[in-house]
Amino acid sequence: MEAALVMPTNASPALGSVVSDQALDLSEDTIAILISLYFDNVQPVFPLFRKETFQTDLRADRVPKPLLYMMLALASRYVLPSEMLQTFGQNVVEPWEHFARMGFEKSRFNEANDSSTPISLGDVKTLFLLTLHEYTSFPGRKAWMRVGNTVRAAISAGLHRIDQPNHCSMSLISEAEMEEWRFTWWAVWRVDSSINILASSPFNIETRDIHTALPSTSVANFTCGIITPCSADFLPADAIRPWRSIQDLQWILSKDSLYFYLHTVSYNREAMTCRRRLYLNPTLELMSEFNDLKQAFPYLRAALPCPFLSGARQPTGETIDEHRRRLETLILLHITEVILYLPIRERDFDNTNHVQQKRLVADWQICIDNIEEMAALLRHWEPSYSKFTDPMLSCIIWVSSSILVLHTMSASYQQAKESGHWDSVEDSLKPLSAALKGFARYWPIASLLLESLQGLLSWNWLSLSFQDVLFVASQLQAPIDPEAQNPATINIWPVFSNPSQEFLEDPQLLKCYMFVLESGVWLLGG
């Protein structure tokens, strides 16, 4: 292995660069520290490597430099500010940006290095980690486009059909290598799922086009190189089919916790796909499919064991990692329920009939109930869990928190609170905000989301009609729009440019509205 990797530092500090006039040499000891941080913090979330095999390749200088740089980019986020000097030999600011830049510049995905050689597993891992870095730094168009390239690279390498019968190239590698390919594929699939769910955009591959089995090995064993023979279990195209019988559900629960989690991601994908299609082109068939999806979680509530639904860690037989993964799975189930019941279109609530109004209010309350249950789960969330958790969970927490804040701004909620009949909604914001702050220590996207939430909270003096609440909440059709200048923002200003009658009848709000109208300030929020 090279004695040192060199990180150039000629960018200005204003760009988040190294504060030094000299290049930063990374000794083997420093690289070892960062690799250790990677395996402690990133590998449990996105398992891509067998540690001993990787370490052997690293010592023999067989790890591609672009891949190594991307690993260092993600690992360096876990270096505490107080330890930067000790780790790098000098004070640095955001070293991850330099590692990521060098990883991309040296990779084949930089046009200057493009070649016609086949895509390798290392290429896919490099592009995956680059996508993860870019999206969690800023969830804009660049990262959204990058995930499409990542999926296509994985498809080009054949990761989506590892277990296809008579797949000749796979017969030449060991079972341990095949399991590594499987873990890599499902990591790519998860990030493609998360980014496109948040953007409300089509996925880059459908489940029915995949013939790669789910990993049979636990993450811990895989990292240690202990491989369980493939059980040939595949993710079904019908996301909720395995949940329709107690026997199938018990079988899923008997597997590693990642297994049920991936099934839940699939359920989340189907819910968002159906919602998006209903928004664009509603049909009776889609409505029927949407209603079928709504029946899944109530069934799970009745069928799953009570300890599984509890937020508390089970006193016997549940490891810390299993508890964390179970909480993640339950939070994902709750946000899927929110996706299914959040009104799909902005509606003229005041001009709908009484039955429709009651249904909209009831659906909104189901969303609030699920978010409060999510907050109750987060009361059992250990602060250390945020280090080892998919950063996309911070996006779920932000969406949920934003909906709760909008709920507290509704006139009906405020009237109930004044009369003493208030519920625990505001208390539920505390664990949600605390969890978001935990993610912000390691992932820039969480800091962005936290800032957005604080901006929304600055409007909580408003008293909005339910129609106005739905009007603002309609922005969550695409919670994080990659085409927007500020892709993670809930914009209140449109309420001023399109006020409801109830809004205009409130003297305080009317005065504020007239000020905005006269000054044209609302344009700043567009």
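Scanning the stretch 151-185 for residues that are under 12 Å from VAL124 (Cβ atoms) and in contact with a Pro (Cβ under 8 Å, 6 or more places away or on another chain), we see that the one that is most open to solvent (accessible area, probe 1.4 Å) is SER156. Taking the listed residues ALA232, ALA220, ALA213, the one that is closer than 19 Å to LEU159 by Cβ and either more than 23 Å from the chain's Cα centre (by Cα) or not in a loop (DSSP other than H, G, I, E, B) (or both) is ALA232, with no other qualifying. Would you mention how many residues in the stretch 66-85 are free of Cβ contacts under 8 Å to residues at least 24 places away in the same chain and assigned to a helix (DSSP H, G or I)? Selection size over the stretch 66-85: 5. Looking at the stretch 473-517, which of the residues that are assigned to a helix (DSSP H, G or I) and modelled with pLDDT of 80 or more is most open to solvent (accessible area, probe 1.4 Å)? Of everything passing the filter in the stretch 473-517, GLN475 is most open to solvent (accessible area, probe 1.4 Å). Residues in the stretch 86-104 that are more than 14 Å from LEU34 (Cα to Cα) and free of Cβ contacts under 8 Å to residues at least 24 places away in the same chain: ARG101 only. Of the helices (runs of 4 or more DSSP H) lying entirely inside the stretch 346-442, those containing at least 3 residues that are of a type in the set (S, T, N, Q) and modelled with pLDDT of 95 or more span 393-408. Within the bounds of the stretch 456-465, is there any residue that is open to solvent by less than 40 Å² (accessible area, probe 1.4 Å), of a type in the set (S, T, N, Q) and under 29 Å from ARG146 (Cα atoms)? Looking through the stretch 456-465, none of the residues is open to solvent by less than 40 Å² (accessible area, probe 1.4 Å), of a type in the set (S, T, N, Q) and under 29 Å from ARG146 (Cα atoms). Checked against (1) within 25 Å of TRP189 (Cα to Cα); (2) more than 21 Å from the chain's Cα centre (by Cα), ARG77 passes all but a single condition, namely (2). Candidates are the residues of the stretch 90-146 that are of a type in the set (Gly, Ala, Ser) and under 17 Å from LEU74 (Cα atoms); the one that is surrounded by the most Cβ atoms within 10 Å (Cβ to Cβ) is GLY103. When residues in the stretch 217-235 are screened for being without any contact (Cβ under 8 Å) to a residue 40 or more places away in the chain and crowded, with 19+ Cβ neighbours inside 10 Å, 2 of them pass. Screening the stretch 447-469 for residues that are of a type in the set (A, V, I, L, M, F, W, C) and modelled with pLDDT under 90 and picking the one that is nearest to LEU340 (Cα to Cα) gives PHE466. A count restricted to the stretch 140-166 and to residues that are in contact with a helix residue (DSSP H, G or I) (Cβ under 6 Å, 6 or more places away or on another chain) and not in a helix (DSSP H, G or I) stands at 2. So, in the stretch 16-46, of the ones that are over 29 Å from the mean Cα position of the chain (by Cα) and either among the polar types (S, T, N, Q) or on the phi > 0 side of the Ramachandran plot (or both), which residue ends up modelled with the highest pLDDT? Among those that are over 29 Å from the mean Cα position of the chain (by Cα) and either among the polar types (S, T, N, Q) or on the phi > 0 side of the Ramachandran plot (or both), it is THR30.
Within the stretch 195-210, being within 25 Å of ALA232 (Cα to Cα), in a helix (DSSP H, G or I) and not charged (D, E, K, R) holds for one residue alone: THR207. Does PHE39 satisfy the criteria of being of a type outside the set (Gly, Ala, Ser), surrounded by 22 or more Cβ atoms within 10 Å (Cβ to Cβ) and out of contact with any Leu (no Cβ under 8 Å at 6 or more places or on another chain)? In short, no. For the stretch 236-268, the set of residues classified as of a type in the set (Gly, Ala, Ser) and buried (at least 17 other Cβ atoms within 10 Å of the Cβ) consists of ALA239, SER257, SER266, listed by residue number. The residues listed here are LEU330, LEU280; of these, the one that is within 25 Å of the chain's Cα centre (by Cα), within 29 Å of ILE480 (Cβ to Cβ) and open to solvent by 60 Å² or more (accessible area, probe 1.4 Å) is LEU280. In the stretch 262-320, what residues are β-branched (Val, Ile, Thr) and in a loop (DSSP other than H, G, I, E, B)? Answer for the stretch 262-320, where residues must be β-branched (Val, Ile, Thr) and in a loop (DSSP other than H, G, I, E, B): THR283, THR316, THR319. One residue is enough: does the stretch 50-65 have a residue meeting the conditions within 21 Å of THR389 (Cα to Cα), outside any helix (DSSP H, G or I) and open to solvent by 10 Å² or more (accessible area, probe 1.4 Å)? Checking the stretch 50-65: at least one residue is within 21 Å of THR389 (Cα to Cα), outside any helix (DSSP H, G or I) and open to solvent by 10 Å² or more (accessible area, probe 1.4 Å).
The values are calculated or read from the model by the stated rules, or taken from the named source; none is laboratory data. These numbers were taken from a predicted model, which means no experiment stands behind them. Reconstructed Cβ throughout: ideal geometry from the backbone, glycine too, with neighbour counts over all protein chains shown. Areas reflect the complete protein model, heavy atoms only, side chains present, ligands, DNA and RNA absent. Shrake-Rupley method; radii C 1.70, N 1.55, O 1.52, S 1.80 Å.
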